[in-house]
Amino acid sequence: MDEIQWTPESQQAKGAKIEIPDVLPLLPIRDIVIYPFMMLPLFVGRDLSIRAVEESLARDRLIFLVAQKNASEDNPNPDDIYRVGTVASIMRMLKLADGRIKILVQGLIKGEIENYLQQRPFCEVKIRKIVEPALEEPSIEIGALMRNVKEKIEQILSLKNLPPEIVMVTDNVSDPGVLADLVASNLRLKIEESQAVLEIVEPVTRLNKINDLLTRELELSNMQARIQNQAKEEMSKTQRDYFLREQLKQIQQELGEGDERAEEITELKKQIEKAKMPGDAKREAEKQLKRLEQMHPESSEAALVRTYLDWLVDLPWGKKTKDNLDLQKAKYVLDEDHYDLEKVKERILEYLAVNKLKKKIKGPILCFVGPPGVGKTSLGKSIARALGRNFVRISLGGIHDEAEIRGHRRTYVGAMPGRIIQGIKQAGSNNPVFMLDEIDKVGTDFRGDPSAALLEVLDPEQNHAFSDHYLNLPFDLSNVLFICTANLLDPIPPALKDRMEVLRLSGYTNEEKEEIARTFLIPRQFGENGVSKNDLEISKDGLTRIIAQYTKEAGLRNLEREIASICRKVARKIAEGKKDPVRVTARNLHLFLGPPQFIPETEQEQDEVGVATGLAWTSTGGEVLYVEASLSKGRGNLTLTGQLGDVMKESAQAALSYARSQARKLGIEEEFYQKLDIHIHVPAGDIPKDGPSAGITMAIALISALTKRAVRREVAMTGEITLRGRVLPIGGLKEKCLAAYRAGIRAVVLPERNQKDLEEIPKPLRRKLEFVFVKNMADVLKVALLRSAASADTLRRIHKDKKAARKEKGALKRETPLEKLRRERVVHV
């Protein structure tokens, strides 16, 4: 906006000649109040305002200018506009390149809105002209008042940045009302004060109001000048910001407004009292608050202390959520969110039961170990919902810095508390369910070992006084229920593993996956993809085939993705207007998901020599491995292929040593190792394999090749072998049995010491499999190898001792047939 101009005398004469109508276009203006006899440019940009200007120009160039109450309102309603304004004449109009209009207006006379005639396409109002009462003859009091106002204008001119022409204009003004309007327009008052002056009709009253405002402005200007003079004596470049703050502070004090600094200190005191801190923390907070009071508010140290105090008062030192001690309700919530996982649910209900009987107990440190996608993370959320607690989760995957756990000391720039304290603050209570996700993926480098920092967090004997480097105060974590998750236990340091109660979550059987998909996954994907039960049906055989041939996992993530893919394809058909319901079966499944991605390993078509069926455990579940052994003329070299690990290679060496030591009993030529090269291969050579549990499988494949006795194709086996032929226990029993069942194998050879682990296997699966428990390789040979006439001839040739031959012949007659295995579910050999 350009400089305001005043032409009171000529304007009065012009106002007398112009006839002002009662109906005029309305132009709401922002941040300024227009007075009569005022001339100034305005920029018009709003559509309604532009149309009002165009209508005014089309008529008699008169328009009614009224100030808005709220300058930020782009589309003001009648309630957002003052009722008293000024009738103005548009002197000039210029259209700008950006679409706005620049107009030059002159105020003519005051007016008041009686009512709004229209609001579109522009505002049009009916006004009542406000005629000021004429003064009969200026009295001495009025003259003194006008002189006082003019003198104050001259005084304030040197203190405030006012245009010097205003003094010459005021000297020539003899009307008190015009003088009041002239001064008000140059004082830079607030919009409310300017409007209040405009609405005063009586000229002398208006001039008195201006006199009061001038007195206030003059006092403020004098105070500002005094502050500037005092501050300039000590000011330098580095003190400039301080000087401006001091100005503001002095002005606030003179106006009687509150001191923000004092208010901040008072508020922090209240928050410290309200936080219910322990004694040590409260004393430290009060000490830091006293330091803050003595510091300059703009110093860097003050900002650090203020941030530290904010953390102290925001932490839930005494805030605790009330546990839901209704065991039936908690069990219902856990069952509602997750299928099976009985061990975990039982452990949580035990914790609730103890908490119900004993009010103060330490939170357990649980560790869920299992393959991806079995529901470890979502189980943590479900536990929090069942207990009625807040839930917070942090991911530890890829963390290398110890400070991520313990925080940085306050001496460092940008220091913050560690993730544990941040999580507690986020939870808002001191007893949340705190999930430490992917604890097996914590790294270590030159910045420290985060797993070592976790030792204090996850130790119930120490975490009641956990000390974060940033806070440097003990915080009680004993009420927190910590839940860690991991895919593997091996990478977790032993000291950390010892502090946690490990609960294993193994993979799901196909039947369990089917039940979970029906209960949880399919309804969830229907909802997320906007598909209803009437639009899509997935048959039982279709779902079974999805699980068997389109996913290969212990968990459920890929299964849910495949179901989501089907839902999206059906959603597209519905969106294209095809309303016919869709039924997905095993026959038409390929139309939605393409050809099968995984063809499961199946039972061999016939019994073969030198091929044994083994079972392996992987992070995604169990697998069936076919171990092959072949012989060729040579010098006794042993070749191992299939990307085998060191432990698996050692198992093959142990199997060969056992075969050499038992050559006479097995009917093998004792010097075979000098004449033959042995090659043991485990297919799927691109997949790394390791572990001792394939020991008996490699031994059976090797002995089968040496004795020419075929291996029973319907028998799978797992177990570690020693040099003396003992069969040692293995892990991952459930996953291995699941793999055997998926491959169509119904007889499984297991170490005898694994019999106790049968409880891990679901009862439906136990009923469908036949288990043979063995102590040594002799027991395995009886079950796994078929009788061969050639091997019997070899035995008779080698064993000249008739008694030994009869004993061996009797052992062969006692060979357990598979039919007997099928009659007896569990066989002890």
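The values are calculated or read from the model by the stated rules, or taken from the named source; none is laboratory data. The shown structure was predicted, so the numbers you read here are calculated from the model rather than taken from an experiment. Cβ: placed from backbone, ideal geometry, glycine included. Neighbour counts: every protein chain shown. Just so you know, the surface numbers come from the protein's heavy atoms only, side chains and all, with ligands and any DNA or RNA stripped out. Shrake-Rupley method; radii C 1.70, N 1.55, O 1.52, S 1.80 Å.
See the values below:
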item: Residue among LEU366, LEU312 that alone is crowded, with 16+ Cβ neighbours inside 10 Å, in contact (Cβ under 8 Å) with a residue 24 or more places away in the chain and within 30 Å of ARG283 (Cα to Cα); result: LEU312
item: Residue ranges of strands (runs of 3 or more DSSP E) in the stretch 28-137 with at least 3 members touching a strand residue (DSSP E or B) at 6+ places or on another chain (Cβ under 6 Å) and open to solvent by 40 Å² or more (accessible area, probe 1.4 Å); result: 84-95, 101-118, 124-129
item: Qualifying positions in the stretch 471-499 - open to solvent by less than 10 Å² (accessible area, probe 1.4 Å), more than 14 Å from SER451 (Cβ to Cβ) and either in a loop (DSSP other than H, G, I, E, B) or free of Cβ contacts under 8 Å to residues at least 12 places away in the same chain (or both); result: LEU471, LEU477, VAL480
item: Helices (runs of 4 or more DSSP H) lying entirely in the stretch 300-375 (those with 1 or more residues that are aromatic (Phe, Trp, Tyr) and touching a Pro at 6+ places or on another chain (Cβ under 8 Å)); result: 300-314, 342-357
item: Top-ranked residue of the stretch 252-272 - restricted to ones that are under 18 Å from ARG216 (Cα atoms) and either among the hydrophobic types (A, V, I, L, M, F, W, C) or surrounded by 12 or more Cβ atoms within 10 Å (Cβ to Cβ) (or both), ranked as modelled with the highest pLDDT; result: GLU254
item: Residue match in the stretch 635-645 (condition: modelled with pLDDT of 90 or more and open to solvent by less than 30 Å² (accessible area, probe 1.4 Å)); result: no
item: Residues of the stretch 522-535 satisfying the condition of being buried (at least 17 other Cβ atoms within 10 Å of the Cβ) and either touching a Pro at 6+ places or on another chain (Cβ under 7 Å) or among the hydroxyl-bearing types (Ser, Thr, Tyr) (or both); result: ASP535
item: Set GLU456, GLU461: member being without any contact (Cβ under 8 Å) to a residue 12 or more places away in the chain, of a type outside the set (S, T, N, Q) and assigned to a loop (DSSP other than H, G, I, E, B); result: GLU461
item: Every residue from the stretch 664-678 that is open to solvent by less than 70 Å² (accessible area, probe 1.4 Å), closer than 15 Å to LEU631 by Cα and not aliphatic (A, V, I, L, M); result: PHE672, TYR673, ASP677
item: Check on LYS249, at pLDDT 85 or above and open to solvent by 60 Å² or more (accessible area, probe 1.4 Å); result: no
item: Answer residue from the stretch 507-521, given it is of a type outside the set (Ser, Thr, Tyr) and open to solvent by 50 Å² or more (accessible area, probe 1.4 Å) and is farthest from HIS338 (Cα to Cα) among those; result: GLU511
item: GLY614 open to solvent by less than 20 Å² (accessible area, probe 1.4 Å) and closer than 29 Å to GLN549 by Cα; result: yes
item: Residue tally, condition open to solvent by less than 10 Å² (accessible area, probe 1.4 Å), within 23 Å of GLY398 (Cβ to Cβ) and either of a type in the set (Gly, Ala, Ser) or out of contact with any Phe, Trp or Tyr (no Cβ under 6 Å at 6 or more places or on another chain) (or both), over the stretch 423-438; result: 5
item: Of the criteria (1) touching a Pro at 6+ places or on another chain (Cβ under 9 Å); (2) more than 20 Å from SER467 (Cβ to Cβ); (3) open to solvent by 70 Å² or more (accessible area, probe 1.4 Å), which one PHE446 fails; result: (1)
item: Matching option when the condition is at pLDDT 80 or above, surrounded by fewer than 19 Cβ atoms within 10 Å (Cβ to Cβ) and not β-branched (Val, Ile, Thr), among LEU159, LEU220, LEU207; result: LEU220
item: Checking ILE798 against (1) modelled with pLDDT of 85 or more; (2) over 45 Å from the mean Cα position of the chain (by Cα); (3) crowded, with 17+ Cβ neighbours inside 10 Å, the condition it does not meet; result: (1)
item: Hits in the stretch 417-437 (condition: among the aliphatic types (A, V, I, L, M) and assigned to a helix (DSSP H, G or I)); result: ILE420, ILE421, ILE424, ALA427
